[in-house]
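Scroll down for the structure; my scribbles are underneath it.
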Amino acid sequence: MSNHVRLIAEKIEHNLSDIIRDFKSYTVKVLFKVIAEIAESKRELVLLNFKQASEKNNNNTNLQYWQPENQYKEVHSKDFAF
């Protein structure tokens, strides 16, 4: 599916929610930087969609890319992961 990400991460010192938060923060900053720099014909429409999504989230006042919730599961074996 093209509308979600599966991330396999190992927590060593931080809890998993901190890792996911930092991953989301970093990737969205890079994404918005790329969108701002390229000459894409649909850039304004894409940014409008991100702005409208942010209006549904009280914790975000600018642009919203990632959904605010996470659905993570602990992987206990290779069979579970794949």
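What follows is calculated from the coordinates using simple rules that are stated; it is not laboratory data. In this text, all values refer to a predicted model and were calculated from it rather than measured experimentally. Glycine gets a Cβ as well: all are built from the backbone with ideal geometry, and neighbour counts include every protein chain shown.
Restricting attention to segment 6-29, and to residues there that are surrounded by fewer than 10 Cβ atoms within 10 Å (Cβ to Cβ) and among the aliphatic types (A, V, I, L, M), which single residue is farthest from Tyr72 (Cα to Cα)? The extreme case among them is Ile12.
Filter segment 19-41 for residues that are of a type outside the set (A, V, I, L, M, F, W, C), under 21 Å from Asn62 (Cα atoms) and over 13 Å from the mean Cα position of the chain (by Cα) and give the result. Of everything in segment 19-41, those that are of a type outside the set (A, V, I, L, M, F, W, C), under 21 Å from Asn62 (Cα atoms) and over 13 Å from the mean Cα position of the chain (by Cα) turn out to be Lys33, Glu37, Glu40. Among the helices (runs of 4 or more DSSP H) confined to the chain, the ones with at least 1 residues that are in contact with a helix residue (DSSP H, G or I) (Cβ under 8 Å, 6 or more places away or on another chain) are located at 16-37, 43-54.
Selection of segment 46-60 for residues being farther than 20 Å from His4 by Cβ and surrounded by 10 or more Cβ atoms within 10 Å (Cβ to Cβ) yields Leu47, Leu48, Lys51, Glu55.
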